[in-house]
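Participant: Here it is: the structure, laid out below.
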Amino acid sequence: MDTLPIIMTFAAAFVVGGLLSFFIMSALTKKKRKKIVQDAEAEAELVKKEKMLHAKEKFQELKIEHERTINERNSKVAQAENRIQQKEATLNQRMEEVSRKKIDLENQRENLAQQLEAVKTRIGDMDKERRQHIDKLEAIASLSATEARNLLMKNLKDEAKTQALSYINEVVDEAKMTAGKEAKRIVLQTIQRVATEVSSENAVTVFHIDSDEVKGRIIGREGRNIRALEAATGMEIVVDDTPEAILISGFDPVRREIARLALHQLVIDGRIHPARIEEVVAKVTKQVDEEIVEVGKRTTIDMGIHGLHPELIKLVGSMRYRSSYGQNLLQHSREVANLCAIMASELGLNAKLAKRAGLLHDIGKVSTEDPEQPHAILGMNLAEKFKEKPEVCNAIGAHHEEVEMTSIIAPIVQVCDAISGARPGARREVVDSYIKRLKNMEDLALSYPGVVKTYAIQAGRELRVIVGSEKVSDQEAEKISMEVAKKIQDEMIYPGQVKITVIRETRAINFAK
């Protein structure tokens, strides 16, 4: 019971102490807060002053920049005003000058008008005087002015005609003399500037061998190799006592070349039998065809002629193995082309076009399209077919006067062709007629059905006719031989006699697979 008051006392003391501590702490917090507020206000004031100072500086910078921009604009405006004032001053000066010149022109026009009136008056007076003089002259001459003028013009015309005719005759006579001399000079100079060899053609090619042992291998057992070679090439192979030489006889130079090359390959290879002979001949024939194209290309390149159609190039190459009256056709065409170029240059014409026409003028002789046509017409048709120029086509067709000459190049080609063919030793008509006769003989036999190949050999004294065994029987072969002999006898002219040999072979071919 005594402890309760004590406890109560302690409790009261504790409560009073707590309240006292609270009030003390509240008083301290309030002071602290007041100080913080004062510090914040002082810092805000400092920040405010700094911002105001920065704003003033920025305003001063913007003000200075604005004033500078305004000054620049004012300066530009002032300069523009100065230029405008200068232009106005210049325009004013020009206007004053224009006004002054206008006044001067008005004064000059008035003066000219006065002078024109004076001139008109003077002309009128002169016309009156002229009329009076004409009337006096007409009275004296008893002729009117029109009659006198016509009479004078008539006399002048007659005199002019007489003088013109005299002058024309002098010019024509002088031109004839000069043209004759100039033509002779050009032709002589052209011939002198072209150096060519004298052509010589024959119907025999000599094939040289290392030893006479090769002759037996070429003949073969019972002559089967030489017969196969003659049948495949159409040439007569002459193996006689001539040392280290075999003769290849025939009128066609292409076949002779094929036979020579085939013999060369067979001798080098050493295998000589009928099957091998046929294989080599076929291979060599293809090589010769390729060689013809190559010769044509080399010729056009050497002559400086470009843009020829491939078929024309092939025909040009074929000229190497053809002859005209014993003259090699390619050599003749090259010679004519060079002559045409030189003569055209001398005359001031197109030398390249003339050379082109000269090279192609005899292509009709190597074509097999229509042998009945003249070679000039055939060559012209070929040139037109392969898009040659009209001048070239006309020159080809007119060089033997089969067609009318329409270009200036045509007479040049005709003259140069005659120059080339008329050289001493250039041509031998006997050889050409001989070759033509053999060709006609072959074509005659080839016209029969079943005939595969025909070869004229032994200088035209023998005609070998090869027929297909599946198309022609033995009896028909004998009949063909008789008919060909009779037809040659009736239609052709030839010395001596011609032997017709019809060959019919039966072949059995199979393949081992």
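Just so it is clear, none of the values below were taken in a lab; they were calculated from the coordinates. Keep in mind that this is a model prediction, so the values were computed, not measured. Neighbour counts run over all protein chains shown; Cβ positions are idealised from the backbone, glycine included.
Participant: Under a point spin-label approximation (7 Å from Cα along Cα-to-Cβ), what is the residue 470-residue 33 distance to one decimal in nm?
Facilitator: 13.4 nm
Participant: Quick one: of 436/479; 297/355; 286/387; 352/436; 365/487, which pairs are farther than 22 Å apart, Cα to Cα?
Facilitator: Pairs exceeding 22 Å: 436/479; 286/387; 352/436; 365/487.
Participant: Report the gain in length on full extension from residue 128 to residue 439: 0.36 nm times residue separation, minus Cα-Cα distance, nm rounded to one decimal.
Facilitator: Answer, rounded to one decimal: 102.1 nm.
Participant: Give me the one-decimal nm value for the distance between modelled label points at residue 352 and residue 119, 7 Å along each residue's Cα-to-Cβ direction.
Facilitator: Those two pseudo-labels are separated by 5.9 nm.
Participant: Moving on to the next point. So if R0 is 45 Å, what FRET efficiency would residue 492 and residue 286 give, r being the distance between their Cβ atoms, rounded to the nearest 0.05?
Facilitator: E between residue 492 and residue 286, to the nearest 0.05, is 0.85.
Participant: List every residue whose amide H lies under 5 Å from the amide H of residue 502, counting only residues 5 or more places away in sequence or on a different chain, with H placed 1.01 Å from N in the peptide plane.
Facilitator: Amide H neighbours of residue 502, under 5 Å, 5+ apart: 465.
Participant: Follow-up. Under 28 Å Cα-Cα from residue 49, which lysines qualify once same-chain neighbours fewer than 8 residues away are excluded?
Facilitator: List returned: 31, 32, 34, 35, 58, 63.
Participant: Hey, another quick one. Using θ = phi - 60° and the Karplus relation 6.51 cos²θ - 1.76 cosθ + 1.60, list the HN-Hα couplings for region 398-414 in order, rounded to whole Hz, with x at every Gly or Pro.
Facilitator: Karplus values, whole Hz, x for Gly and Pro: 9, 6, 10, 6, 6, 10, 6, 6, 10, 10, 6, 7, 4, x, 5, 4, 4.
Participant: While we're here: What FRET efficiency do you get for residue 144 and residue 165 if R0 is 56 Å and r is their Cβ-Cβ distance, rounded to the nearest 0.05?
Facilitator: For R0 = 56 Å, the calculated efficiency reads 0.95.
Participant: Further question on the same structure: Using a Förster radius of 25 Å, what is the FRET efficiency between residue 85 and residue 111 based on their Cβ-Cβ separation? Nearest 0.05, please.
Facilitator: It comes out at approximately 0.05.
Participant: Something else now. Could you check the spin-label model distance between residue 135 and residue 20? Points 7 Å from the Cα along Cα→Cβ, value in nm.
Facilitator: Simple spin-label model gives 17.1 nm for this pair.
Participant: Among the lysines, select those whose C-alpha is under 21 Å from the C-alpha of residue 283, and discard any that sit fewer than 8 residues away in the same chain.
Facilitator: Residue 283 reaches 314, 453.
Participant: Okay, moving on. Work out from phi, with θ = phi - 60° and the Karplus expression 6.51 cos²θ - 1.76 cosθ + 1.60, the ³J(HN,Hα) of each residue of region 11-20, listed in order in whole Hz, and give x for Gly and Pro.
Facilitator: So the J values, rounded to whole Hz, are 5, 5, 4, 5, 5, 5, x, x, 4, 4.
Participant: Sort 394-404, 442-452, 206-216 by the packing proxy (mean of other Cβ within 10 Å over each peptide's residues), most packed first.
Facilitator: 394-404, 442-452, 206-216
Participant: Using the Karplus curve 6.51 cos²θ - 1.76 cosθ + 1.60 with θ = phi - 60°, work out ³J(HN,Hα) for each residue of region 340-348 in order, rounded to whole Hz, and write x for Gly and Pro.
Facilitator: Using θ = phi - 60°, the values come out as 4, 5, 5, 5, 5, 5, 4, 8, x Hz.
Participant: Next question. What residues qualify as long-range amide H neighbours of residue 323, i.e. H under 5 Å apart, gap of 5 or more or another chain, H built at 1.01 Å from N?
Facilitator: Those lying under 5 Å, H to H, from residue 323 are 329.
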